[in-house]
Amino acid sequence: SAAGIYGNFGQANYSAAKLALVGFTRTLALEGKKDNIHCNVIAPIAASRMTETVLPPDMLASLKPEMVTPLVAYLCHEETAENGSLFEVGAGYIGKLRWERTGGHGFPIDQQLLPEHIQGKWEKIVDFEDGRATHPDSTTESMESIISNFENTTKVEASRPQVISEDGKVDVEAAKALTFPSESFSYTERDVILYNLGIGAKRTDLNLVYENSEAFTAVPTFGVIPSFAAMNGVPFGEILPSFNPMMLLHGEQYLEIIRPFPPNAKLTSTPYVVDILDKGKGCVATIGVKTSDEEGNDICLNEFTMFIRGAGNFGGKKEGLDRGAATAANKIPNRKPDHIVTEKTGEDQAALYRLSGDWNPLHIDPEMAAVGGFDIPILHGLCSFGIAGKHIFNAYCNNDPNSFKNIKVRFAKTVNPGETLETSMWREGNKVLFQVRAIERDAIVISNAAVNLQGEPSKSSKPKL
């Protein structure tokens, strides 16, 4: 009943027992989902001996049980997909309830937290109207804000200029001047092989899966992997207005290979803000990550371009500067492709690829996928990116990493594990323009894409069995 949701004077035991049913139901919903068993909970109001003493007769006449039972019948029907939800129902009214949490405030984790600190930020902590409120629907979502505060230290806070003003304007130049913590990444031949397998390498591709092969190498798109930890340290809530991680879409990716990856190394990656554009209904944020080795030699450069819905209209510029290959439009020629490669992805490809460090639960947890609006966990965009990069690496670089200069893609649509990907390529001088199509849906999933080549590839980069 409503007493379990909102509490009721003098009914402590009753209210506690009623609210316990909500937690019980939501856990049953999670555990039963794998067997297609759905579970929901209702908070009904109907005429009873208790309500007879507090409500007038005309209201009691409207509170018939017959105005509650149809909802129960609907929720129990085999075609109803609703699961783990809470509804209020009575007198012909039906409404769904959900949690809402403010954007809150993160305090530095390396200093003592005092009541006075909380008092100073109380208005921000309890503000539901500043555009940062979220609606967490799982324990995973509930932890996102807490985990994102792990990097919040007094040292980091002191080095950051104010980016977002009190009226919600964004100082993009101040954002570009921010410094973020560097993150180290060590890998061995095992990690290289795991990545190559994650993007579809076969046991016969000895240069990709056998560490003793003279031509053993990482597919150049491996360059995105060292950057993940660094990206996790970027406090998006401090540089983007009304930031909600559930509204973030990975739009484009640029990767420049400065030096081929050795079989094993210890690398350091440092993130920075490249640009933030105001697109009205949202914003486009580009975060760069520079990766170097222990001697300080630059190895690769990434640019992650993301569209964040609901974070626009902050008074910023709409268009960015031309940054060469990183922002090239890469329109395909009006002719047949010079080369086409078709590859069927595996049903378990996302489960394998994530072991390289892309731990986003959207790609493995059906519950998180459903929150994102997907029927099943989707394949990582950067896995599709790696598969296409592998096709070009084989077709135009002869598997020689020295020939692969950079790659840029736009993620047009998502890919479901098990779909067949078709990479169509057009060579224009030292540039290979390409697009990727999911054959089963006839959908372009990667567009506006190109790899720039350099030098002449070696002639014996792929040993055979």
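The values are calculated or read from the model by the stated rules, or taken from the named source; none is laboratory data. Just so it is clear, the structure is predicted and the values come from calculations on it, not from any experiment. No Cβ is skipped: glycine too gets one built from the backbone with ideal geometry, and neighbour counts run over all protein chains shown.
Restricting the search to segment 386-398, which residues are crowded, with 23+ Cβ neighbours inside 10 Å and either on the phi > 0 side of the Ramachandran plot or assigned to a helix (DSSP H, G or I) (or both)?
Selection gives Gly386, Ile387, Ala388, Gly389, Lys390, His391, Ile392, Phe393.
If you scan segment 264-294, which residues turn out to be farther than 20 Å from Pro220 by Cα, modelled with pLDDT of 95 or more and acidic (Asp, Glu)?
Result: Asp275, single match.
Being touching a Pro at 6+ places or on another chain (Cβ under 7 Å) and under 18 Å from Asp275 (Cα atoms) is the filter; apply it to segment 219-247 and report the residue that is surrounded by the most Cβ atoms within 10 Å (Cβ to Cβ).
Filtering first and then ranking leaves Ala230.
Check Glu189, Glu151, Glu173 and return the single one that is of a type in the set (D, E, K, R) and not assigned by TED's automatic domain parsing to the domain that holds Glu367.
Residue meeting the stated conditions: Glu151.
Only residues that are within 16 Å of Glu343 (Cα to Cα), in a strand (DSSP E or B) and under 24 Å from the mean Cα position of the chain (by Cα): list them for segment 433-448, please.
Gln435, Val436, Arg437, Ala438, Ala443, Ile444, Val445, Ile446
Give Asn430, Asn399, Asn406, Asn394 a once-over and let me know the one that is within 27 Å of the chain's Cα centre (by Cα) and within 25 Å of Thr217 (Cα to Cα).
The match here is Asn406.
Select from segment 80-101 the residues that are modelled with pLDDT under 90 and of a type outside the set (A, V, I, L, M, F, W, C) and list them in ascending order.
Of everything in segment 80-101, those that are modelled with pLDDT under 90 and of a type outside the set (A, V, I, L, M, F, W, C) turn out to be Gly90, Gly92.
Of all residues in segment 347-361, count the ones that are surrounded by fewer than 18 Cβ atoms within 10 Å (Cβ to Cβ) and part of a helix (DSSP H, G or I).
Here the count works out to 4.
Which one of these does Asp167 not meet: (1) farther than 28 Å from Lys266 by Cβ; (2) touching a residue at least 60 places away in the same chain (Cβ under 8 Å); (3) assigned by TED's automatic domain parsing to the domain that holds Asn302; (4) assigned to a loop (DSSP other than H, G, I, E, B)?
Only one criterion is unmet by Asp167, namely (2).
Could you say which residue among Lys266, Lys290, Lys281 is of a type outside the set (A, V, I, L, M, F, W, C) and under 28 Å from Lys124 (Cα atoms)?
Result: Lys281 is the single residue among Lys266, Lys290, Lys281 that is of a type outside the set (A, V, I, L, M, F, W, C) and under 28 Å from Lys124 (Cα atoms).
Which of the following residues is touching a strand residue (DSSP E or B) at 6+ places or on another chain (Cβ under 6 Å), within 30 Å of Ile392 (Cα to Cα) and surrounded by fewer than 21 Cβ atoms within 10 Å (Cβ to Cβ): Phe185, Phe216?
Phe185 is the lone residue from the list that is touching a strand residue (DSSP E or B) at 6+ places or on another chain (Cβ under 6 Å), within 30 Å of Ile392 (Cα to Cα) and surrounded by fewer than 21 Cβ atoms within 10 Å (Cβ to Cβ).
Kindly check whether there is at least one residue in segment 338-348 that is free of Cβ contacts under 8 Å to residues at least 40 places away in the same chain, of a type outside the set (A, V, I, L, M) and closer than 27 Å to Met246 by Cβ.
no
Okay, residues lined up against (1) touching a Lys or Arg at 6+ places or on another chain (Cβ under 9 Å); (2) among the hydrophobic types (A, V, I, L, M, F, W, C); (3) outside the structural domain of Thr327 (by TED's automatic domain parsing):
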site: Asp338; (1), (2), (3): yes, no, no
site: Thr342; (1), (2), (3): no, no, no
site: Gly346; (1), (2), (3): no, no, no
site: Asp358; (1), (2), (3): no, no, no
site: Asp375; (1), (2), (3): no, no, no
site: Cys383; (1), (2), (3): yes, yes, no
site: Ile407; (1), (2), (3): no, yes, no
site: Asn416; (1), (2), (3): yes, no, no
site: Glu428; (1), (2), (3): no, no, no
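Any residue in segment 432-445 that is outside the structural domain of Tyr396 (by TED's automatic domain parsing) sitting within a Cβ distance under 9 Å of a residue that is in a helix (DSSP H, G or I) and among the hydrophobic types (A, V, I, L, M, F, W, C)? List the pairs, counting only those 6 or more apart or interchain.
That search, which allows pairs on different chains as well, returns nothing.
Of the residues in segment 268-284, how many are at positive phi and among the β-branched types (Val, Ile, Thr)?
Qualifying residue count, segment 268-284: 0.
Please determine whether any residue of segment 293-303 is surrounded by 17 or more Cβ atoms within 10 Å (Cβ to Cβ), under 21 Å from the mean Cα position of the chain (by Cα) and under 30 Å from Ile439 (Cβ atoms).
Taking every residue of segment 293-303 in turn, at least one turns out to be surrounded by 17 or more Cβ atoms within 10 Å (Cβ to Cβ), under 21 Å from the mean Cα position of the chain (by Cα) and under 30 Å from Ile439 (Cβ atoms).
Condition check: crowded, with 18+ Cβ neighbours inside 10 Å, touching a Leu at 6+ places or on another chain (Cβ under 9 Å), in a loop (DSSP other than H, G, I, E, B) and not β-branched (Val, Ile, Thr). Does Ala201 satisfy that?
Yes, satisfied.
Starting from segment 105-131, keep only residues that are outside the structural domain of Glu166 (by TED's automatic domain parsing) and of a type in the set (D, E, K, R), then list their pairs with residues that are at pLDDT below 80 and outside any loop (DSSP other than H, G, I, E, B) whose Cβ atoms are within a distance under 7 Å, requiring at least 6 positions of separation or different chains.
Asp110/Thr154
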